[in-house]
Every structure is written in C-alpha cells, then in structure tokens.
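Structure record follows, encoded as structure tokens.
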Amino acid sequence: MNQQYIEGTVTSTLSFKDQIPYQSNMVYPSFDPQDRVTFSLAGEWKKLRFRADHNWSMHARTKDWIAKTEQDGFTSCSYNDESWEAKTLPAPENHLTGKEEVHAAETYEDGVWYRKTIHWPEAYAEQVVTLKCLGVSYISDFWINESYVGYHEGGFTPFAFDVSALLKPGENLIAVRIDNPPWTTRLDTVPAVNNDFFNYTGIIQDLYLEVVPSLYISRVDVVPLTLQGKLQMDYVLENRSSESVTAFIKPRFFTTDFQSPNWLKSPKAKSICEEEVHVPTAQGTTVTLASGESKKIKEMATIPHPQLWSIREPHLYVLGLQLYHDDALIDSFYTQFGFRTLATDGPRIKLNDQSVFFAGVARHEEWPEYGRTASWERIVDDVTILSSLHVNLVRTAHYPNHIETFIALDRFGLPSMAEIPLWQFETAHYEAQERRGISYQMWREMIFSSYNRPSIAMWSTQNESKDVTLRKQYNEALVHETKTNYPDGRLLTQSSAADQPGFHDPTMEPLDVAGWTMYFGIFHGSTPYEGTKHFIEQAHQAWPDKPIMNTEYGIWSNADRSYIEKQVEIYQDVQLALLEKATVTPGGEHNPNGYVATIDYWTAFDWYVNHNQFYQTMGIFHMDRLAKKPLYDHFVHDHQRLLQQTNGFASKEGIPSKPLPITIEQTNDVQQTLRLQEKEDLTSANYLIVHVSHFSQSDPVTIHLHGDEDESSFITYTLEEYTVIPLWRFDSDVRKGVQFISITHTKGQSITIKGLYRSHTGTL
C-alpha cells in the first residue's frame with residue numbers, strides 16, 4: 001500500500017512536573033525488577049496481522065480516533081478470535097529461522113493486533129496496578145476490557161500505564177494494536193532511514209502487571225556525588241488513595257559481594273544484598289501526601305569509606321527503601337548503585353579521578369532465534385563473552401538495550417555507552433523531531449529507565465547524522481536539559497561520521513567527548529592507517545580540550561569469507577593509528593601527547609539487516625556466538641596487552657623515551673644493520689622510534705628484529721623523519737633479547753639513520 005506521507009500529530013507521552021518525569025498521566029516509574037506481586041503477561045496470545053494506514057497510526061489520539069479504531073471489534077470482549085493465529089510473546093512478529101543467511105529474519109513492517117484473556121484475582125481488586133512494558137515496536141495502543149488505556153511511540157525504551165481502575169476480578173481482556181511503519185517511508189519516526197540493523201515489529205520485550213498498595217514508591221534515583229561516599233537520593237511517592245496519607249520512608253543500605261555464587265543468578269537488587277551498612281545520615285523521613293498527590297523526596301547520605309565501582313571491580317551497594325504507614329510495612333523498593341565519578345580533564349577521561357583509556361567493542365542486542373527479545377540468561381551469556389574479549393567498554397549499538405543489560409554490565413564491572421536510535425538523520429528528520437519531540441522523549445526514557453546504573457559512562461545523542469546546523473542545536477538542547485534538570489554525572493557524546501562534515505564538526509562543541517566513526521580506506525577515502533592518523537591529529541587541533549573517541553572501526557568479512565583476512569588487516573591498521581595517540585599506555589603511564597581516550601571495535605557479533613540484501617558480517621563472532629573468525633585471536637591478544645595489566649587506568653607518569661646505543665653498519669646497497677651495544681629486552685616497551693634524517697624515496701622498508709639463535713621477526717613500514725614502530729607486532733620471543741636490527745629497502749633508496757629510541761608512548 002503506497003500512502004502519501006502525512007506528518008504525525010500524535011504527541012510525546014513524557015513530560016515533567018515539579019522535576020518529576022510523568023508519562024500517560026502517571027509518574028514515569030523505575031523499572032528495576034522487584035519482589036513485588038507481579039503477573040507476567042508472557043505466554044500465548046492471539047494475533048492478527050493487518051495492512052496498517054500508517055498516517056492513521058501516527059494521528060493524535062482523539063475520541064474520534066479511538067472510536068474509529070475500535071470499529072472492527074477487536075477490542076471487544078465478545079469478539080470471537082478463535083480464527084486468529086496463536087503467538088507466544090514476548091517475541092518479534094517477524095518470522096525467524098535462526099539461520100545466518102539473507103532472509104533468515106522476515107522483514108515485516110506493518111500492523112498486528114494481539115489479544116489475551118487473563119484471570120485477575122479478587123484479592124487485588126483494591127490495589128494499584130501498573131502495566132509495565134519493556135519494549136514494543138513501533139507505535140502501540142492498549143485496551144483493557146474495552147476501555148482505552150493509552151499509547152506509546154518508540155520500540156527501544158520502557159513505558160507504563162496505570163490500569164488499576166480497568167481490571168476486574170475474574171476474566172479480563174487485553175488488546176494491543178501495533179503499527180511499525182517501514183523505515184524510509186516517513187520522516188517523523190525514530191529511527192527513520194533504512195538503518196544498518198533490523199526493524200522488528202511487535203511486543204519485543206517483557207510486559208507484566210505490577211501490584212502495589214495505594215501509597216507506594218514509584219521511582220528511585222541515586223547519584224553518587226563523591227568518592228568519599230556522599231550521594232544524593234531522590235525518591236517519588238504516589239498516593240493513589242482517596243484520602244490524605246502520612247507515611248514514614250526509611251532508607252537502608254547493603255553491601256554486596258561480586259564473588260558470591262548468587263551474583264548473576266537474578267537481576268533483582270535484593271538478591272545480592274549482604275551486610276547492612278549503618279549510615280547515620282540516613283534516618284528516614286515522614287511525609288504527608290494528599291489524595292492523588294505525587295511527591296519527590298530529596299535526601300543526602302554518606303556511606304563511610306565506600307568501596308568504589310570500577311572496571312572489573314564491580315563493588316555495588318543496594319539501597320533498600322521501606323515505606324511504613326501506621327507502623328506497618330506497606331511497600332519496599334531495592335536498587336543497585338555504585339560509587340564512581342566521571343569527568344574530563346582536557347583530552348583525558350577520568351574514572352574515579354584516574355585517567356582511563358577505554359578499548360571496547362560494540363554489540364547489537366540481537367540473537368538469530370529471538371531477534372531483540374532478551375532474557376537475563378541470554379544477556380549474561382553475551383556479557384560473559386564480551387568480558388572474555390578483555391575489553392573495558394561496551395557500546396550498546398544504536399539504541400537503548402534491555403534494562404537488564406545495564407544491570408548485568410554493572411555486575412561485570414564493564415562501562416558502557418548508550419545511545420538513542422537517531423541514526424543518519426538529515427535536515428527534514430531533525431525538523432520533524434523539533435515539531436514532534438519524540439526523540440526527546442526517547443532520550444528521557446533511556447536515561448530515566450537506567451538512571452542508577454554505574455556501568456553507563458556516556459550517553460550518546462545520535463549516530464552519523466548529516467545535518468550540521470540542526471544537529472548542533474539538538475545537541476545543545478539535550479546537553480542543557482540533561483545537565484540542568486537531571487544531572488547524573490555521566491559524560492555526553494555522539495557518534496558522528498568522520499566525513500559528515502569532518503574533523504572540525506561544530507556539533508562537538510556542546511559535548512563532553514568528541515566522538516566519530518572512522519572508516520578511512522572503506523567509506524571515507526585515504527587509507528586505514530594514514531587516513532585515521534591524519535584525521536585524529538586534525539580533530540585534536542580542532543578540539544584540543546576534548547577527549548577524542550573512536551566510536552566505530554572495522555570492516556565486514558562477507559558471507560563467503562572473501563574479506564575474512566581483510567577484516568584482520570583493517571582492524572590492525574586502524575587500531576595502530578589510534579593507539580599511537582592513546583592517553584594511557586598498556587603499562588599504565590600517562591601519555592603526555594595522547595588525546596585518543598576511547599576506541600571501540602564494531603562489533604562483537606554478526607547481525608541481521610532490515611533490507612535483507614545481505615546480513616552484516618562485521619562481528620568478531622558469527623551470530624551463534626560460537627564460531628570465531630580469524631580476527632578473534634588478534635583482538636584478544638591485543639586487548640590483553642592493552643588492558644590486562646592496568647584495566648586501562650594510568651597510575652604513573654609517562655616513562656621518557658630512552659635512546660639505544662647503536663653502531664650502524666651498511667651491509668649492502670639494500671640493507672643497513674643497527675647493532676646494539678648490548679642485548680636488549682624490549683618486551684616492556686611499546687614502540688621503537690627510528691630517527692631518519694634523510695631518505696630518498698617513500699617506498700616501504702622491512703624492519704627485522706634479530707634475537708638469539710638467528711631468531712628474527714619483521715614488519716613492513718613507510719619511513720618518516722621519526723618513524724614509530726609498534727613493537728607488539730613483532731614476535732614476543734624475539735623481543736626478549738634483541739641483538740641487532742636490520743632495515744631492508746629498495747635498491748637505489750638511500751637512508752640516513754640518526755638514532756634509535758625505546759618508547760612507551762610513541763613520542764620522544
């Protein structure tokens with residue numbers, strides 16, 4: 001069905017009142033899993049696909065819209081849906097074969113109705129009930145017992161409805177209408193263009209009914225302020241009763257043990273509580289709420305001598321809030337948090353006041369058999385694999401991941417970068433978003449649904465968008481809103497394409513960290529090494545006081561394996577250029593000339609692409625998480641070298657480069673030998689720097705290290721005045737005892753060597 005595009009008039013469902021986020025006439029709640037009474041809606045539903053009028057789906061939810069949408073009778077309790085197909089939810093509506101091939105995932109971007117009948121116990125008739133949905137794609141409308149509940153737009157962030165008045169004891173009908181307009185057909189959705197990932201339709205993630213008393217704890221936000229244990233706690237109480245209520249809320253704090261056998265068994269914070277911590281500054285608060293009132297309580301507390309959350313040292317605490325009325329415990333809420341601080345210092349990123357170099361990997365949250373439908377077990381399995389790659393950062397692709405992904409990253413001690421799916425926007429897309437505000441809604445939902453996660457180090461505003469003027473205004477608006485209205489101490493960044501518009505990109509100005517995808521020699525011209533090196537040098541000149549972040553590098557391997565070795569080559573060349581300007585060396589030294597604070601390989605696992613012309617093969621692993629590509633061994637070896645000793649932290653000043661006494665011998669007209677005065681162990685250094693005062697042509701040369709018993713190892717390099725040679729590219733056994741170095745060049749090429757230096761940072 002070809003439809004003439006009409007911009008949607010349906011509005012954002014998230015707003016603020018008294019600095020409290022509200023959605024669909026209720027406080028936007030916390031989504032941390034709790035020990036409250038919950039009714040899972042997972043299981044068998046009835047479904048009916050339909051050809052949707054996408055303009056109608058994006059129309060404002062007026063009484064007329066609701067009435068006309070109900071005309072087919074699908075929201076009626078008396079409607080007979082026996083002819084509808086059975087569907088187990090949550091799961092994508094798209095048919096999945098689980099195979100790693102084109103069309104293994106069905107491209108279905110259209111409408112679907114779901115219906116389910118549940119039995120509601122009479123015991124919960126007077127309780128407050130919230131319908132919590134962790135991900136429905138793209139725009140969804142809900143009915144319970146023929147009454148319209150509400151709608152939500154966006155497939156990657158959680159949302160909720162108050163359904164207390166709609167449920168009745170006995171049988172209850174839940175009906176859901178979903179429309180997922182095809183990418184490229186509209187300017188006003190997020191995403192909008194034909195993205196390099198998959199557009200799944202349907203009830204993707206868990207949805208459930210949560211039962212609480214009429215006075216309850218709706219959301220809890222914790223911000224660590226100092227490394228000495230000071231923190232800010234904001235919790236919102238809601239009174240859904242018909243009377244004014246006075247209650248007492250008491251915070252309790254618990255230690256955790258990341259070596260406990262229960263550490264990864266459940267995402268619930270209560271499951272990891274150990275010893276209670278006495279906090280004299282947290283005595284509790286008495287509060288009175290009028291009928292229907294929501295109130296935010298802001299408290300400060302200090303935990304003495306806290307253990308810090310850090311990379312691979314996931315010291316967490318649990319805040320347990322207990323709510324009392326007439327001395328009776330009526331509600332409780334538990335959330336994990338960690339003490340850690342983030343800051344920038346010129347071109348450096350600091351975690352817990354220490355300079356840190358992030359060397360990470362990206363991950364699409366997708367499995368060949370399940371699409372984006374996540375479970376705690378699948379998430380933990382994935383993060384276990386990511387951890388085994390020896391990285392210290394995870395980029396969670398182009399969209400907010402399942403809330404339990406960030407809970408798992410907390411538990412593993414792996415920092416992350418999270419982003420809304422604003423992918424390759426052009427001018428018309430930004431203009432539509434300024435009118436409709438849906439991208440702002442997604443930004444707020446992303447932050448407020450994972451507010452307490454210490455693992456989230458950076459929020460990213462977008463990926464590879466083209467418009468510059470509107471993108472800068474957009475970044476300015478998000479930075480101002482975030483840092484003014486709900487500052488959480490995280491760094492703000494983006495993932496800009498290196499050629500859109502280039503190193504001088506003015507949209508970086510309002511951000512803490514300047515981030516680019518870098519595909520030189522693939523999309524951006526030049527060559528992988530020289531192009532990357534030149535770009536980051538110019539980027540640093542343009543933004544000398546900002547850390548430089550590489551958000552993506554890599555290349556596909558192709559389904560026929562035709563690029564399987566090219567993947568290794570591109571990875572090595574780009575990473576080499578990036579590491580020469582890393583802010584921290586593998587030995588933990590500050591690099592005084594470093595300004596690249598983050599690199600991030602794209603990606604860990606292969607994934608499906610929506611247009612189905614191919615599937616993406618940029619992963620280190622195939623989709624099954626079992627089959628490794630040749631890149632795997634190189635990647636693990638390199639990241640062990642980079643991070644195993646220090647986790648990326650700088651703990652000492654940079655070690656000065658040391659000249660190596662040499663005797664230069666001209667072996668013949670194509671080789672020079674640099675003989676060391678004594679055998680040198682070069683395993684602790686990162687680079688050799690060869691000072692060349694003259695070379696007649698720029699042909700590559702071959703550089704050999706010679707060790708004991710005629711052992712040697714070589715690489716090929718193009719000379720500069722100061723040629724920086726990565727020692728880790730040579731065989732480790734040879735590096736242990738280097739006796740001399742030979743340089744072989746082309747006939748007729750003349751070279752004058754002035755000196756040789758052992759260097760930790762790649763600079764003199």
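The values are calculated or read from the model by the stated rules, or taken from the named source; none is laboratory data. Keep in mind that what you see is a predicted model, and the values were worked out from it rather than measured. Methodologically, a virtual Cβ is constructed for each residue, glycine included, from the backbone with ideal geometry; neighbour enumeration extends over all protein chains shown. These area figures cover heavy atoms from the full protein model, side chains too; ligands, DNA and RNA do not enter into them. Shrake-Rupley method; radii C 1.70, N 1.55, O 1.52, S 1.80 Å.
Entry remark, segment 721-736: residues being assigned to a strand (DSSP E or B) and open to solvent by 70 Å² or more (accessible area, probe 1.4 Å) number 1 in total.
The residue pairs whose first member lies in segment 175-187 and is without any contact (Cβ under 8 Å) to a residue 24 or more places away in the chain, whose second member is part of a loop (DSSP other than H, G, I, E, B) and buried (at least 20 other Cβ atoms within 10 Å of the Cβ), and whose beta carbons are closer than 8 Å, counting only pairs six or more residues apart or on different chains, are THR184/ALA192.
Going through (1) of a type in the set (Ser, Thr, Tyr); (2) open to solvent by 10 Å² or more (accessible area, probe 1.4 Å); (3) in contact (Cβ under 8 Å) with a residue 60 or more places away in the chain one by one, SER557 falls short only on (2).
Could you list all residues from segment 214-239 that are under 26 Å from ALA343 (Cβ atoms), open to solvent by less than 60 Å² (accessible area, probe 1.4 Å) and not β-branched (Val, Ile, Thr)? Give the steps one after another, and end with the answer.
First, the residues of segment 214-239 that are under 26 Å from ALA343 (Cβ atoms): 220-234.
After this cut, where a residue has to be open to solvent by less than 60 Å² (accessible area, probe 1.4 Å) as well, the list is 220-224, 226-227, 229, 231-234.
Within segment 214-239, ASP221, PRO224, LEU227, GLY229, LEU231, GLN232, MET233, ASP234 qualify.
The one condition from (1) modelled with pLDDT of 95 or more; (2) open to solvent by 20 Å² or more (accessible area, probe 1.4 Å); (3) not aliphatic (A, V, I, L, M) that SER242 does not meet is (1).
Within segment 375-392, is even one residue touching a helix residue (DSSP H, G or I) at 6+ places or on another chain (Cβ under 9 Å), closer than 17 Å to GLY135 by Cα and open to solvent by 10 Å² or more (accessible area, probe 1.4 Å)? Scanning segment 375-392 turns up at least one residue that is touching a helix residue (DSSP H, G or I) at 6+ places or on another chain (Cβ under 9 Å), closer than 17 Å to GLY135 by Cα and open to solvent by 10 Å² or more (accessible area, probe 1.4 Å).
Residue by residue through segment 615-625, note down the ones that are buried (at least 23 other Cβ atoms within 10 Å of the Cβ) and not in a loop (DSSP other than H, G, I, E, B). The answer is none; no residue qualifies.
With the requirement that a residue be of a type in the set (Gly, Ala, Ser) and part of a loop (DSSP other than H, G, I, E, B), what does segment 399-416 give you? Of everything in segment 399-416, just one residue is of a type in the set (Gly, Ala, Ser) and part of a loop (DSSP other than H, G, I, E, B), namely GLY413. Condition check for SER140 on (1) farther than 19 Å from GLY8 by Cα; (2) buried (at least 22 other Cβ atoms within 10 Å of the Cβ); (3) in contact with a Lys or Arg (Cβ under 8 Å, 6 or more places away or on another chain): one failure, at (1).
Each row is one residue, and each column tells you yes or no for (1) out of contact with any strand residue (DSSP E or B) (no Cβ under 8 Å at 6 or more places or on another chain); (2) loosely packed, with under 13 Cβ neighbours inside 10 Å; (3) assigned to a strand (DSSP E or B); (4) not polar (S, T, N, Q).
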| residue | (1), (2), (3), (4) |
| --- | --- |
| VAL636 | yes, no, no, yes |
| ARG641 | yes, no, no, yes |
| THR646 | no, no, no, no |
| THR667 | no, yes, yes, no |
| GLN672 | no, no, yes, no |
| ARG675 | no, no, yes, yes |
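Pairing residues of segment 705-720 that are part of a helix (DSSP H, G or I) with residues that are open to solvent by less than 80 Å² (accessible area, probe 1.4 Å) and not hydrophobic (A, V, I, L, M, F, W, C), at Cβ distances under 6 Å and at least 6 apart in sequence or on separate chains, gives ASP708/GLY737. With respect to (1) of a type in the set (D, E, K, R); (2) modelled with pLDDT of 90 or more; (3) open to solvent by 40 Å² or more (accessible area, probe 1.4 Å), the lone exception for ASP699 is condition (2). Looking across PRO506, PRO510, PRO528, PRO544, one residue alone is crowded, with 21+ Cβ neighbours inside 10 Å and either in contact (Cβ under 8 Å) with a residue 12 or more places away in the chain or of a type outside the set (D, E, K, R) (or both). It is PRO528.
Selection of segment 745-764 for residues being assigned to a strand (DSSP E or B) and either of a type in the set (Gly, Ala, Ser) or surrounded by 17 or more Cβ atoms within 10 Å (Cβ to Cβ) (or both) yields ILE751, ILE753, GLY755, LEU756, TYR757, ARG758, SER759.
Would a scan of segment 585-601 turn up a residue that is open to solvent by less than 20 Å² (accessible area, probe 1.4 Å), hydroxyl-bearing (Ser, Thr, Tyr) and touching an Asp or Glu at 6+ places or on another chain (Cβ under 6 Å)? Within segment 585-601 (the criterion being open to solvent by less than 20 Å² (accessible area, probe 1.4 Å), hydroxyl-bearing (Ser, Thr, Tyr) and touching an Asp or Glu at 6+ places or on another chain (Cβ under 6 Å)), the answer is no, since none of the residues qualifies.
Only one entry in SER83, SER78, SER57 is crowded, with 18+ Cβ neighbours inside 10 Å and hydroxyl-bearing (Ser, Thr, Tyr), namely SER57. Of the residues in segment 355-370, not one is open to solvent by less than 10 Å² (accessible area, probe 1.4 Å), free of Cβ contacts under 8 Å to residues at least 60 places away in the same chain and touching a strand residue (DSSP E or B) at 6+ places or on another chain (Cβ under 8 Å). One residue stands out among those in segment 196-214 that are part of a loop (DSSP other than H, G, I, E, B) and charged (D, E, K, R): the one that is nearest to the chain's Cα centre (by Cα), which is ASP196. Selection of segment 240-250 for residues being closer than 30 Å to THR341 by Cβ and either among the β-branched types (Val, Ile, Thr) or under 30 Å from the mean Cα position of the chain (by Cα) (or both) yields only ILE249. For segment 97-117, the set of residues classified as aliphatic (A, V, I, L, M) and buried (at least 20 other Cβ atoms within 10 Å of the Cβ) consists of ALA105, VAL112, listed by residue number.
Report yes if ASP681 is of a type in the set (Asp, Glu), surrounded by fewer than 20 Cβ atoms within 10 Å (Cβ to Cβ) and without any contact (Cβ under 8 Å) to a residue 60 or more places away in the chain, otherwise no.
Details: of a type in the set (Asp, Glu): yes; surrounded by fewer than 20 Cβ atoms within 10 Å (Cβ to Cβ): yes; without any contact (Cβ under 8 Å) to a residue 60 or more places away in the chain: yes.
Yes, satisfied.
So is GLU552 among the acidic types (Asp, Glu) and more than 17 Å from HIS639 (Cβ to Cβ) or not?
Numbers: among the acidic types (Asp, Glu): yes; more than 17 Å from HIS639 (Cβ to Cβ): no.
Spelling it out, it is not the case that GLU552 is among the acidic types (Asp, Glu) and more than 17 Å from HIS639 (Cβ to Cβ).
Count of segment 135-187 residues, restricted to those that are among the small types (Gly, Ala, Ser) and closer than 26 Å to ALA123 by Cα, is 7. When segment 481-497 is filtered for residues that are closer than 22 Å to GLY346 by Cβ and assigned to a loop (DSSP other than H, G, I, E, B), the ones remaining, listed by number, are PRO487, GLY489, ARG490.
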